[in-house]
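The values are calculated or read from the model by the stated rules, or taken from the named source; none is laboratory data. Just so we're clear, the structure is a prediction, and the values are computed from it rather than from any experiment. Don't worry about glycine lacking a Cβ; one is built from the backbone with ideal geometry, like all the others, and counts go over all protein chains shown.
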Amino acid sequence: MHLVMILMALSLTWFVRSQWSGPRGNWLERWQRAIFLFLFPPLLLMMTAVAVLYMGPQERIVEILLGWFSYSLSFVFLGWSGFLCFQLASKGSKTLRKTRTYQRRKIKGIQARILDIDALFTAQIGFWQPELVISEGLLEKLDELHLEAVLAHEQAHYYYRDTFWFFWLGWLRQTTAWLPNTEALWQELLILRELRADAKAAQQVDPLLLAESLLMVVSVLPVPSESFCAALSAVAPPNRLNERVEALLSAPVEPPSATWKSLIWLLLVFLPLIAVPFH
């Protein structure tokens, strides 16, 4: 029974991930589809593993080998997932500790850590309470209006707590990197995160200024996005950059926000636990 549960969960997660065929629809539709395809498989696998561990190895002689195999497989999967989470959290904490050694300065009323490099760099680094990091080069090369646009974008990341939520998404990305379309869905979530921050910032500053700031920063130093780092230039490939600029220059839209109804499918990941009382 346990092995059947695991095989069913694996088959379903593989099928769900295989449904990704690229972005389509408006922002909210894209976000809901991407977050479902990204989150559902790893959460279902984890709940299945938890259910198998809770039920324990089967005791009937005929099934004892398969029972212990299923139990061991679940234990290894959860143990490996826990190790990846610890590893990612340690890396993020180390980066955050190093960030907090930088000089602190108030920039236009916002506390920021100053990175002593000439390159144009700005990012929120951390978890629930991230630190805003700005390079000396950015402060020197951007005028007041463009700097305000950059700060508005980074404050939008802080408002949505993107570093916290994407830390957990990044962990699930590592845990199920072997599933199809994991990287494609991760990139889709990253661009949607940046589009949302751009839209939020565009409510406070001129979208044209923000687009110009984005082009200047990306052209100098494209920054790969860590799970605990939300940078203005996090999504730098040309097609993604064009999408962000076009969104800023088009008619302004309200930043999309998910509702509890759009996350009702999360209840489905607990289905494996229904088998526990019948064990």
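Of everything in segment 113-150 that is touching a Gly at 6+ places or on another chain (Cβ under 9 Å) and of a type in the set (Gly, Ala, Ser), the residue that is surrounded by the fewest Cβ atoms within 10 Å (Cβ to Cβ) is Ala119. Scanning for something surrounded by 14 or more Cβ atoms within 10 Å (Cβ to Cβ), of a type in the set (Asp, Glu) and at pLDDT 75 or above, does segment 173-187 turn up at least one residue? Within segment 173-187 (the criterion being surrounded by 14 or more Cβ atoms within 10 Å (Cβ to Cβ), of a type in the set (Asp, Glu) and at pLDDT 75 or above), the answer is no, since none of the residues qualifies. In segment 148-160 there is no residue that is in a loop (DSSP other than H, G, I, E, B) and either out of contact with any strand residue (DSSP E or B) (no Cβ under 6 Å at 6 or more places or on another chain) or touching a residue at least 24 places away in the same chain (Cβ under 8 Å) (or both). Please work out which residue is nearest to Ser81 (Cα to Cα), limiting yourself to segment 1-36 and to residues that are among the small types (Gly, Ala, Ser) and surrounded by fewer than 20 Cβ atoms within 10 Å (Cβ to Cβ). Filtering first and then ranking leaves Ser11.
Quick one: which residue in Leu172, Leu88, Leu185, Leu139 is part of a helix (DSSP H, G or I) and either of a type in the set (D, E, K, R) or within 23 Å of Ala199 (Cβ to Cβ) (or both)? Unique residue meeting the criteria: Leu185. Specify which of the listed residues (Leu39, Leu44, Leu88, Leu96) is of a type outside the set (S, T, N, Q), surrounded by 17 or more Cβ atoms within 10 Å (Cβ to Cβ), farther than 24 Å from Trp178 by Cβ and modelled with pLDDT of 90 or more. It is Leu96.
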